[in-house]
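A short write-up of the structure that comes next.
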Ligand SMILES: Cc1cc2nc3c(=O)[nH]c(=O)nc-3n(C[C@H](O)[C@H](O)[C@H](O)COP(=O)(O)OP(=O)(O)OC[C@H]3O[C@@H](n4cnc5c(N)ncnc54)[C@H](O)[C@@H]3O)c2cc1C
Ligand SMILES: Nc1ncnc2c1ncn2[C@@H]1O[C@H](COP(=O)(O)O)[C@@H](O)[C@H]1O
């Protein structure tokens, strides 16, 4: 029997999370190199329509894993359901997107199966018949090659954007879909989730901004935000920030860029004193041009910047404001 | 409310990190601090205790230097500390770290365990959830608010893209705390003095080893990220850099 790879796609409220296509693209690439069989699962209550949507991709099979207890999402129900499913349909590798939901249940599921999850993976290597996965460490300052030891299954979660959704290949014919009803007793579910909500109305829509000046912790003090504001004004752009700035209350939450804030794609993103943690980068890497000013030459933000300035922002921003004003006449 | 807070000592945010010769780990001669979300977890535990009374216990697994994060926590108001002390704790995967912690607290009876949602060095984002599974407790992740309720607690979970969700969780439970849940306090001089007399229990690797097994994931190699973009570095005095930047804004990026 050949080894097999299982992709667990993510759905929420009956809709497929688009990042699942990225995981399918990753799985297809690994399957092509290893020759292993590739299957996918959709997990939920009444999600057959999503299973058929997934089945359009080049996959050997799609499982529709069903239980009424799977809606709404709880880590207890998902773990119980997938534990039962994997007992019936063992897999060597289980691939998932590194979403908040996956972070919430995968460590539990892996532990329940006495195995491990390699989390937040950005790529893989297949060398000499061995698979290693690459993941960032030390907030993106280093990358590690990580290998798996043990019986398996090995769970792997992929960081957003590591693989391209549009690379997920369609199949010649739809993959067969098998419905698997799992038995999740109501008593295993201990948490009671309430409705999902959004905190406040957004006052600014950064997604529409053409120029964004964004400040990070390098700005040091609340009163220095004014300096960044002056630069934004001179450029005719919007002010944005990394998460710690909004956590401190120096700027309102709706100016936060990143995985838990807004995703922006301006013509220019000017990052002042931002280190470039992945949760920030996912929110702004779609910018057409990125300028980063940071005093640390090794800051990860420089990996995605078009133009980099290694230096003290307090020395560079004031003359920059003057030059911009001059240029604008 | 008896709360355990797990605090990891990690390299300081601004520290320049260098690889060791084998390329398997960083050189350890850097300055360290408490992992950021763990500091928020401690603050939250202290606030809950102020509201509901009880006890706050802090725990770290790491070498002798890691005691510093426990001392700081005691100075801020934690009641006592547990130090799983040894160099061997640095190289554990999340499963083993959680098992070591579980073994060290087996005679305790906590209502709540707080961890940070993620460590700044390994970034597994798993230790708290694994610990909950080992203990057989429910858990909730990425927590931004906690309130005592009739049946246990009601927490506010952060979801992606600005969404949130309240979840009712029975006790005992493990929560992984997100940075920004509260405002951190500073230690006072009196606090620092009092900390010296607060109990600190040491646990050796030998005492918990029987609960561990070989790591299931192994770092084969650690290296600098490959640059994916052709980044242009501008150099010179600030005034020159400002001029060069404006050139680019005008002619290349066409935003002026
Ligand atoms: C689940 C989760 C969700 C998250 N969501 C988000 C999110 O949506 N958005 C987000 O931004 N973060 C998010 N984060 C946090 C993220 O991991 C980082 O902690 C955060 O982005 C760091 O912000 P920063 O770059 O401003 O601060 P730091 O990492 O502290 O970096 C400050 C930088 O400023 C530089 N600097 C200091 N002084 C100067 C100076 N004088 N001149 C020039 N440079 C200077 C330093 O070299 C350093 O690189 C999230 C984290 C998690 C775990
Ligand atoms: N060695 C350790 N000592 C104390 N707490 C730890 C240790 N490792 C991890 N933790 C806790 O687990 C959280 C998540 O870590 P991680 O799973 O490595 O991302 C951290 O924020 C800490 O609260």
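Projecting the alpha carbon convex hull of the stretch B:78-136 along each direction and taking the average yields 4.5 nm². How large is the convex hull of the C-alpha atoms of the stretch B:126-256 per residue, in Å³? Given the Cα convex hull of the stretch B:126-256, per-residue volume reads 319 Å³. Taken along the Cα-to-beta-carbon direction at a fixed 7 Å, the label points for residue B:197 and residue B:166 span 4.3 nm.
Inter-chain Cβ neighbour count for B:210-223, averaged per residue, equals 6 (cutoff 10 Å, partner chain atoms only). The relative contact order of the stretch A:206-327, computed from alpha carbon pairs under 8 Å that lie at least 6 residues apart in sequence, is 25 percent. With contributions of -39500 (n - 2.57) from each DSSP H run of at least four residues, the per-residue ellipticity at 222 nm computed over chain A stands at -8000 deg cm²/dmol. Mean per-residue shielding of peptide B:236-243 is 6, counting Cβ atoms of other chains within 10 Å of each Cβ.
The Rg/Rh ratio of the stretch A:189-260, with Rg taken over Cα atoms and Rh as the Kirkwood radius over Cα pairs, comes to 1.11. Counting only DSSP beta bridges whose two residues both lie in the stretch A:4-188, roughly 35 percent are antiparallel.
Which shape class applies to the stretch B:1-76: rounded if a/c is under 1.5, otherwise prolate when a/b exceeds b/c and oblate if not, where a ≥ b ≥ c are the square roots of the Cα gyration tensor eigenvalues? Since a/c reaches 1.5 and a/b is larger than b/c, the shape of the stretch B:1-76 is classed as prolate.
Classify the stretch A:7-74: rounded, prolate or oblate, from the alpha-carbon gyration tensor (a ≥ b ≥ c, eigenvalue square roots; a/c under 1.5 rounded; otherwise prolate if a/b is larger than b/c)?
prolate
Peptide packing: for B:208-217, A:131-140, B:239-248, the average count of neighbouring Cβ atoms within 10 Å per residue gives the ranking A:131-140, B:239-248, B:208-217, highest mean first. When you count the other C-beta atoms within 10 angstrom of each residue and take the mean per peptide, B:40-46, A:261-267 line up highest first as B:40-46, A:261-267. To the nearest 10 degrees, how steep is helix A:75-88 against the longest Cα principal axis of chain A, on a 0 to 90 scale? The helix A:75-88 is inclined about 40 degrees to chain A. Once the Cβ-Cβ distance of residue B:31 and residue A:181 is raised to the sixth power relative to R0 = 60 Å, the FRET efficiency obtained is 0.60. Judged by the mean number of other Cβ atoms found within 10 Å, the most tightly packed of the peptides A:8-15, A:208-215 leads the ranking A:208-215, A:8-15.
Within the stretch B:2-211, antiparallel bridges make up roughly 35 percent of the DSSP beta bridges whose residues both belong there.
Taking 7 Å steps out from each Cα toward its Cβ at residue B:207 and residue A:298 produces label points 3.5 nm apart.
Against the main long axis of the alpha-carbon atoms of chain B, helix B:36-52 sits at an angle near 40°.
Per-residue ellipticity at 222 nm, computed for chain B from helices alone with -39500 (n - 2.57) per DSSP H run of at least four residues, works out to -7500 deg cm²/dmol.
Ignore the peptide's own chain and count Cβ atoms of other chains within 10 Å of each Cβ in A:108-117; give me the average, rounded.
6
In percent, rounded to a whole number, the relative contact order of chain A is 15, using alpha-carbon pairs under 8 Å and six or more apart. When Rg and Dmax are taken over the Cα atoms of the stretch A:206-327, they come to 12.7, 37 Å. Shown is the FRET efficiency for residue A:167 and residue B:90, computed with R0 = 41 Å from the Cβ-Cβ distance and rounded to the nearest 0.05: 0.60. Restricting the calculation to Cα atoms, the stretch B:2-211 yields a radius of gyration followed by a Dmax of 16.6, 56 Å. Please pull out the direction-averaged projected area of the stretch A:4-188, using the convex hull of its alpha-carbon atoms, in nm² to one decimal place. For the stretch A:4-188, the mean projected area of the Cα convex hull comes to 10.1 nm².
Under 1.5 on a/c is rounded, so check that first for chain A, then, if it is not, pick prolate when a/b is larger than b/c and oblate when it is not; a ≥ b ≥ c are the square roots of the alpha carbon gyration tensor eigenvalues. In terms of gyration-tensor shape, prolate. Mean projected area of the Cα convex hull of the protein assembly as shown, taken over all directions, amounts to 27.6 nm².
Taking every alpha-carbon pair under 8 Å whose residues sit at least 6 apart, the stretch B:56-190 reaches a relative contact order of 22 percent.
To the nearest ten degrees, helix B:67-76 and the longest principal axis of the Cα atoms of chain B are 70 degrees apart.
Where a number appears in this text, it was derived from the coordinates with a stated rule and is not lab data. It should be emphasised that the depicted structure is a prediction, and the values quoted were computed from it without experimental measurement. For neighbour counting, all protein chains shown are included, and Cβ atoms are generated from backbone atoms with ideal geometry for every residue, glycine included.
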